[in-house]
Each structure stands twice: as structure tokens, then as C-alpha cells.
């Protein structure tokens, strides 16, 4: 394909695109509904290592040391710092249920 043919093809496709966009704008105008961008839901506040540590320490001091160790092992860790932060919320919830 020569450069001239290529340029003519690009021009033709550009006109087709412009026509399609005009049709789309007409549909929005006819329905009177423009979809406003939806606000993304606010993410839950992140649970920190310190928050989890405080609850686990409290449970451990209450005589639930074995249960605390069991929770950590369930998340594949021997100590809290080895737990993936994405699991803090679940771990905290389980610890509070002890």
C-alpha cells in the first residue's frame, strides 16, 4: 500500500469515527441522560500491624497464647511480622472472636 493510499485510508476512518461520535452525541442529547462518573467507594481503613499486635498481646496476656499462636500459624507465620498485611483485617477479626 502506498503512502497516499494509507493517508486516504486514515482520512476515511477518521470521517467514520467522527460520524459515529456525532451519532452517539445525538443519542445522549435525545435521552437527556448523561451518565455522570460514579464516585468510587471509599476503601475501608487499613488495619495496621500495631492494631493487630495490640489485640494479640491482649489475648495472649489473658491466657490465650496457644490460640494466638494457632491463628498466626493459620496464616503461615510463626510471628506477626511474617503475616501478609492484606490478611490483617481477617486476623484481627478472628483474634477479637477468641
Cut-off 10 angstrom, C-alpha nodes, Gaussian network model of the chain. Which of 49, 21, 71 fluctuates the most? 21
With an 8 Å cut-off on Cα pairs and a minimum separation of 6 or more residues, tell me the relative contact order of the chain in percent. 25
Pairing the Cα long axis of helix 3-31 with the longest principal axis of the chain, what angle in degrees results, from 0 to 90 and rounded to the nearest 10? 70
Candidates 50, 82, 29, ranked by Gaussian network fluctuation over the chain, Cα under 10 Å, top entry: 29
Which whole-percent values make up P(r) of region 49-97 when all C-alpha to C-alpha distances are grouped in 10 Å steps starting at zero? 30, 65, 6
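When the helices in the chain are scored as -39500 (n - 2.57) per DSSP H run of 4 or longer and the sum is shared across all residues, what 222 nm value do you end up with, to the nearest 500 deg cm²/dmol? Write out the running numbers ahead of the final one.
Values: 4 runs with 62 residues, N = 98.
One gets -21000 deg cm²/dmol as the mean residue ellipticity at 222 nm.
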Go ahead and run the numbers for FRET between residue 75 and residue 39, Cβ-Cβ distance against an R0 of 41 Å, rounding to 0.05. 0.80
Tell me, how many Å apart are the Cα centres for region 1-16 and for region 24-98? 53
Longest principal axis of the chain (C-alpha) makes with the long axis of helix 65-74 (C-alpha) an angle, in degrees to the nearest 10, of 30
Of (1) 81, 42, 18; (2) 39, 37, 20; (3) 60, 28, 21, which is the value of Cα extents along the principal axes in Å derived from the coordinates here? (1)
Could you check which residue among 40, 25, 74 shows the biggest mean-square fluctuation in a GNM of the chain with a 10 Å Cα cutoff? 25
Please compute the contact order of region 49-97 in relative form: average sequence separation of alpha-carbon pairs under 8 Å and at least six residues apart, divided by the residue count, as a percent. 43
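Taken together, the values in this text are just the output of simple stated rules run on the coordinates, not laboratory data. Remember, it's a predicted structure, so these values are computed and weren't measured experimentally. Methodologically, a virtual Cβ is constructed for each residue, glycine included, from the backbone with ideal geometry; neighbour enumeration extends over all protein chains shown.
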